[in-house]
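Scroll down for the structure; my scribbles are underneath it.
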Amino acid sequence: MERKNVWNSYDEKQLESLESLAKDYRAFLDAGKTERECVTEAVRLAKAAGCRNLEDVIAAGETLKAGDRVYAVNMKKTLALFTVGRESMENGMRILGAHIDSPRLDLKQNPLYEDTELAFLDTHYYGGIKKYQWVAVPLALHGVVAKKDGTVVEITVGEKEDDPVVCIPDLLVHLAAKQMEKKAGEVIGGDDLNVLVGSHPLKDSGDKELKDAVAAYVMDVLRQQYGMEEEDFLSAEIEVVPAGKARDCGLDRSMVLAYGQDDRVCAYTSLAAFLNTEPQDKTCCCLLVDKEEIGSVGATGMDSAFFENTVAELMNCLGCYSELALRRALKNSKMLSSDVSAAYDPNYDSHFEKKNTAYFGRGMVLNKYTGHRGKVGSSDANAEYVAEIRRIFDERGVAFQTAEMGKVDVGGGGTIAFISAFYGMDVIDSGVALLSMHAPMEIASKADIYEAVKGYEAFLREA
Ligand code: MN
Ligand code: MN
């Protein structure tokens, strides 16, 4: 039951559209290095494709009809998009879901300090990371500072050609004999992830000697560029992410190397497929959520009422809302809950079970279940639903493979699937395989990205 490598099945035209998709994808990754930036960029693309803000529709008291396209944003970090179908909402929707938060370092609320004439920003890491991977690499700052006067200032440092970058220094190897004996998980501790941001003391401005003059210089820069005071860090969300753009990877340019592909590779391909798809019988939906990497909790995670409330609002605008109709719409829906899979890496072969592993170039990945060690925490898709998806992909010529995340007792991970499954809808985990998942730079196959868009479109049209 080995699945074929899909590369040599493409003709010239297909290779052209594969490359142009990869280019658009890289541009999306560069524009969206935080969940807020991803929402902004996705809304820009959605508006260009004719989507309107559902809030405006509600405010104007308008009625929606088949073919209308709307979107709803939750706290600037979660996005739901809909194309109204020709059938009643009660018949269910076709939903593509993915997450747009990625592992990173978040600045603490009191981040700035000076030690021995060096200024640092203290961080608390977000999501599962190998902490030692985040030292001695160029980093950028992305985020917002919300001020007491209600203004919100956007901050991006480290992406433009002439921008400075920041960095977490590592201990030189010459003095690291003891450090090198430590377990990998302990080499760099969570509280060692301090970002170096300055070394130039501010000049004394008169009589009294300036304390922490280097940190003062850094604050002076922030004051001048962003009009912020040190206290404004209290109401800021600033993420420290790898600096630099997404790149083609490999001498054959067959892959993409970039930060944040978990899960923006599924988010972008889902969004692209949604926007490409003309109105169908069923209402189509694309859902991009936050906080998956830390358990989908909170107001902007999948485990909030945002999606359910938004569907209720949509149904109200369609004149078909009732509590029961909403329950039916959710129950009768079908969903591809998309997240990245582990791609087989021959350098770490003992961690994979070869028959049930995803491979680069073999297309979209279906995970009937996720979870780990006895399927704990998994959302297990119904066999009948898996059969339907197989049929659709085969009929539409979508290359796909099935996989588990690593060997049974090795580990595993969760996704948002179980949360939508709560409504009784059909959900299966699907997505794109990555090498170096959760590393500062992750790798995806362009062929798999291309097949993902094909797969999502096939699902929206045929499921
Ligand atoms: Mn993920
Ligand atoms: Mn992840």
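So which residues in segment 250-265 are within 16 Å of ligand 2 (Cβ to nearest atom) and either at pLDDT below 95 or not basic (Lys, Arg) (or both), if there are any at all?
258, 259, 260, 261, 262, 263, 265
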**OP:** Taking only segment 348-389 into account, find how many residues are part of a loop (DSSP other than H, G, I, E, B), closer than 24 Å to residue 257 by Cα and hydroxyl-bearing (Ser, Thr, Tyr).
**Re:** 2
Subject >> From the options 118, 105, residue that is more than 16 Å from ligand 2 (Cβ to nearest atom) and in contact (Cβ under 8 Å) with a residue 40 or more places away in the chain >> reply: 118
Original post:
Taking segment 61-103 on its own, how many of its residues are over 20 Å from residue 339 (Cα atoms), among the aliphatic types (A, V, I, L, M), touching a helix residue (DSSP H, G or I) at 6+ places or on another chain (Cβ under 9 Å) and outside any helix (DSSP H, G or I)?
Top reply: 6
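Yes or no, residue by residue, for (1) within 16 Å of ligand 1 (Cβ to nearest atom); (2) open to solvent by 10 Å² or more (accessible area, probe 1.4 Å); (3) touching an Asp or Glu at 6+ places or on another chain (Cβ under 6 Å):
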residue	(1), (2), (3)
405	yes, yes, no
408	no, yes, no
424	no, yes, no
432	yes, no, yes
436	yes, yes, yes
444	yes, no, no
447	no, no, no
454	no, yes, no
459	no, no, no
Original post:
Do we have any residue at all in segment 239-253 that's part of a loop (DSSP other than H, G, I, E, B), of a type in the set (Asp, Glu) and surrounded by 13 or more Cβ atoms within 10 Å (Cβ to Cβ)?
Top reply: no
**OP:** Could you check residue 458 against (1) in contact (Cβ under 8 Å) with a residue 60 or more places away in the chain; (2) within 16 Å of ligand 2 (Cβ to nearest atom); (3) over 15 Å from the mean Cα position of the chain (by Cα) and say which number it fails?
**Re:** (2)
Subject >> From 416, 392, residue being farther than 30 Å from residue 252 by Cα, within 16 Å of ligand 1 (Cβ to nearest atom) and of a type in the set (Val, Ile, Thr) >> reply: 416
Original post:
Of 291, 282, which residue is within 15 Å of ligand 2 (Cβ to nearest atom), among the charged types (D, E, K, R) and open to solvent by 20 Å² or more (accessible area, probe 1.4 Å)?
Top reply: 291
**OP:** Being of a type in the set (D, E, K, R) and more than 16 Å from ligand 1 (Cβ to nearest atom) is the filter; apply it to segment 78-103 and report the residue that is least open to solvent (accessible area, probe 1.4 Å).
**Re:** 94
**OP:** Any residue in segment 162-182 that's in the same structural domain as residue 138 (by TED's automatic domain parsing): show its pairings with residues that are part of a helix (DSSP H, G or I) and open to solvent by less than 70 Å² (accessible area, probe 1.4 Å) at Cβ separation under 7 Å, as long as the two are six or more apart or on different chains.
**Re:** 168/134; 171/179; 179/187
Original post:
Is it true that some residue in segment 160-173 is open to solvent by 60 Å² or more (accessible area, probe 1.4 Å) and farther than 25 Å from residue 259 by Cα?
Top reply: yes
Original post:
Which pairs have Cβ atoms under 6 Å, sit 6 or more apart or on different chains, and link a residue in segment 130-156 that is at positive phi to one that is at pLDDT 95 or above?
Top reply: 136/170; 143/155; 143/237; 143/238; 143/239
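Would you mind stating whether residue 311 is out of contact with any helix residue (DSSP H, G or I) (no Cβ under 9 Å at 6 or more places or on another chain) and open to solvent by less than 30 Å² (accessible area, probe 1.4 Å)?
When the stated conditions are applied, residue 311 does not pass them.
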Subject >> Hits in segment 316-347 (condition: part of a helix (DSSP H, G or I) and within 30 Å of residue 446 (Cβ to Cβ)) >> reply: 346, 347
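Collect the residues in segment 257-285 that are of a type in the set (A, V, I, L, M, F, W, C) and within 16 Å of ligand 1 (Cβ to nearest atom), keeping them in residue-number order.
258, 265, 266, 267, 271
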Original post:
Which ones in segment 324-365 are among the aliphatic types (A, V, I, L, M) and under 14 Å from residue 406 (Cβ atoms)?
Top reply: 340, 342, 343, 358, 365
Subject >> One residue from 106, 30 being part of a strand (DSSP E or B) and surrounded by fewer than 21 Cβ atoms within 10 Å (Cβ to Cβ) >> reply: 106
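The values are calculated or read from the model by the stated rules, or taken from the named source; none is laboratory data. Worth saying up front: this structure is predicted, and the values here are computed from it rather than measured. We place every Cβ from the backbone using ideal geometry, glycine too, and count neighbours over all the protein chains shown. Surface areas here come from the heavy atoms of the whole protein model, side chains and all, with no ligands, DNA or RNA. Shrake-Rupley method; radii C 1.70, N 1.55, O 1.52, S 1.80 Å.
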